[in-house]
1. Of all helices (runs of 4 or more DSSP H) completely enclosed by region 142-256, which ones contain at least 1 residues that are closer than 29 Å to A288 by Cα?
2. Exactly one of these conditions fails for P144: (1) without any contact (Cβ under 8 Å) to a residue 40 or more places away in the chain; (2) more than 22 Å from T197 (Cβ to Cβ). Give me its number.
3. Starting from residues that are assigned to a strand (DSSP E or B) and small (G, A, S), keep the ones in region 64-93 and report whichever is nearest to the chain's Cα centre (by Cα).
4. Taking D10 as the residue in question, decide whether it is within 25 Å of D240 (Cβ to Cβ) and either at pLDDT 95 or above or outside any loop (DSSP other than H, G, I, E, B) (or both).
5. Looking at (1) at positive phi; (2) touching a helix residue (DSSP H, G or I) at 6+ places or on another chain (Cβ under 7 Å), find the lone condition where Y270 falls short.
6. Could you grab me the full set of residues in region 26-66 that are in contact with a Lys or Arg (Cβ under 7 Å, 6 or more places away or on another chain), farther than 21 Å from Y89 by Cα and in contact (Cβ under 8 Å) with a residue 60 or more places away in the chain?
7. For D131, all conditions in the list (1) of a type in the set (D, E); (2) within 22 Å of the chain's Cα centre (by Cα); (3) at pLDDT 95 or above hold save one; what is the number of the exception?
8. Inspect all residues belonging to region 253-261 and state whether any of them is in contact with a Cys (Cβ under 8 Å, 6 or more places away or on another chain), surrounded by fewer than 17 Cβ atoms within 10 Å (Cβ to Cβ) and not β-branched (V, I, T).
Amino acid sequence: MDLLAYWRWDNYVRDIDGGAGFHFNSNQKRLRTDIEIGEQLWTVGGRPGVGGIQYVLLACLQVSAKTFNAPGYKYGKHRLWGDRKRSRYFLSDGPDITESLLRLNFDPANPIKEKRRIGQSLQTIRRLNRDDVRLLLAWSKDLPPEPRAYEVADEAKLEQAFESSETAVKETVSEFHLGVSENRRLQLQTSYRRNRTLVEKLHRLYSSRCQICGFDPRLLYGAQACCGHHIVYLSRGGRDEVGNLLLICPNHHEVIHATDAVFDFKDLHYVFPNGRREPLVLNRHLQAAS
């Protein structure tokens, strides 16, 4: 069943500035229990304006995965991931749909009866009926996309740059990462040394072995081949910290990026689009969600 959620304007702006993640977080269980893979999460935000709040469609995420976040995650324990090829971010200066929102009935039926109650009414994630979805599809049909959501660096190239040199990081961010804010670009360009320190810490912690399969290139070949991988991509707003890093082998690194697999903190497994789940066989630094 499709859902409608309220995306706080300041959180939305922060997400776009940091690199649109094509995911949505909440503490509400409905984000996990009331929507299935392939269904859609519609998001609405309250845009501040001279005459007051205007409500606009911000995104429609085609669900590709549902996971738990790390314990204590600031923006909620549940994360819904959108298929990046089929999901859409809409230009945030789009038309005001305040009057249109009053036409939605939801499931079970419980329409919003007053304009002044829209923001309050949407604090709870709502289920949409078929007529509601048809209306949303009609309203969004001609909405222009938000270009900044798509002008992001390829994460594999960005991580290769971090493996290479500080100069490579600056060149990659400047050339490919146009969607994020100037402040975010500067953060990425200056984080090379911190990133290397964190990855070296993981090499010491796991003796340079892959955390997913245990592959030990130093034992077998006398060479260090595993690399640092960001659970939530840096290019999509992920933080450069040890709690967002894994040490993995080249094979797993390639297939995770190729399939856009996601990590579930509920049981510390990688979740692949074909339904395959692979656990960490080595872990000393990540805590599972309760």
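1. Correct list: 155-164, 182-189, 192-205, 217-221.
2. The number of the failed condition is (1).
3. G82
4. Yes: the conditions hold for D10.
5. (1)
6. D34
7. (2)
8. no
The values are calculated or read from the model by the stated rules, or taken from the named source; none is laboratory data. Just so you know, these numbers come straight off a predicted model, no measurement behind them. FYI the Cβ positions are ideal-geometry reconstructions off the backbone, even for glycines, and counts take in every protein chain you see.
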